[in-house]
Amino acid sequence: MMKNRIQELAGKYRSLLVMGIYAVFYMIAFFYLEQREGAVHEINFGIDAYIPFCEVFIIPYLMWFGYVAITVCYLCIKDKEESERLVAFLMAGMTIFIVVSAVFPNGHHLRPVVFPRDNVFTGMIAALYASDTPTNVLPSIHVYNSIAIMIAVWRSKCFKGHKIITGFMLALGVSIIFSTVLIKQHSMIDVLLAFILSGLMYSICYRRAGVGEKGTAKNWQ
């Protein structure tokens with residue numbers, strides 16, 4: 001009886017289980033690459049010099065963690081079909097990020113040496129800088145995963161008719177994307193490559209599955 005119940009739950013929440021297991025391996029690989037020593041290719045884009053530092057955007061930047069985790073858990077429980085595509089989308093991009101970081105160590109020198117202001121937000125950014133090195137930034141996973149969540153929210157039947165919630169989720173996703181360059185965690189090239197990778201993964205994880213006239217995914221071929 002217990003075995004059957006476990007198998008039933010594993011089947012029902014398969015996407016959540018797969019994502020949870022993958023997240024463990026991803027974090028192990030990420031922290032290994034963060035601690036790895038060696039030459040780093042500097043990532044820089046001309047437009048970065050014209051983007052202002054805006055410390056208040058640390059708030060949406062940090063909200064990203066809950067934004068992704070809570071949405072993934074919710075959809076894995078409430079929308080099995082959409083969650084399967086979301087998990088595939090996330091895992092594909094995050095794996096590519098790990099591979100790129102492993103074979104092409106990268107980083108930037110965009111962080112301000114001295115903050116232009118002293119307030120609670122710059123204090124939060126200082127704590128972030130101390131715990132997260134400016135390496136392994138290409139493409140931006142903050143941006144890539146935010147795009148994945150926005151696509152899933154826009155498509156999922158769970159959010160149909162909930163315009164306020166949908167609008168908030170999309171606005172938060174956009175603000176997270178802006179935050180990556182406004183607190184100098186990423187270069188614009190990281191952001192652009194995240195968009196390109198998202199487009200590629202969308203064509204694989206969604207369009208090949210087939211999309212109905214109203215955005216409802218058809219069965220996999």
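The values are calculated or read from the model by the stated rules, or taken from the named source; none is laboratory data. Small disclaimer: the values here were computed from a predicted structure and weren't measured. For accessibility, only protein heavy atoms count, side chains too; no ligands or nucleic acids. Shrake-Rupley method; radii C 1.70, N 1.55, O 1.52, S 1.80 Å.
Observations, loosely collected:
- Span from the region 13-27 Cα centroid across to the region 88-105 one, whole angstrom: 15 Å
- Percent accessible area from carbon and sulfur atoms, region 16-57, protein chains only, probe 1.4 Å: 72 percent
- Accessible area per residue for the chain is 56 Å², calculated with a 1.4 Å probe on protein heavy atoms, without ligands, DNA or RNA.
- Among A49, A194, A148: highest mean-square fluctuation, GNM of the chain, C-alpha pairs under 10 Å: A49
- Mean Cα-pair separation over length for the chain, i.e. relative contact order, pairs under 8 Å, 6 or more apart, %: 29 percent
- Dividing the helix sum by the residues of the chain, where each DSSP H run of 4 or more adds -39500 (n - 2.57), gives a mean residue ellipticity at 222 nm of -22000 deg cm²/dmol.
- Whole-percent carbon and sulfur share, accessible surface of region 80-153, 1.4 Å: 71 percent
- Rounded, prolate or oblate (a/c below 1.5 giving rounded, otherwise prolate when a/b exceeds b/c) for the chain by Cα gyration tensor: prolate
- Using heavy atoms of the protein chains and a probe of 1.4 Å, the accessible area assigned to D132 is about 40 Å².
- Computed from backbone phi, the HN-Hα couplings of region 188-198 come to 4, 5, 5, 5, 4, 5, 5, 5, 5, 4, 4 Hz, rounded to whole numbers (Karplus: 6.51 cos²θ - 1.76 cosθ + 1.60, θ = phi - 60°; Gly and Pro given as x).
- Backbone HN-Hα couplings from phi across region 162-167 [Karplus 6.51/-1.76/1.60, Hz, Gly and Pro as x]: 9, 5, 5, 5, 4, x
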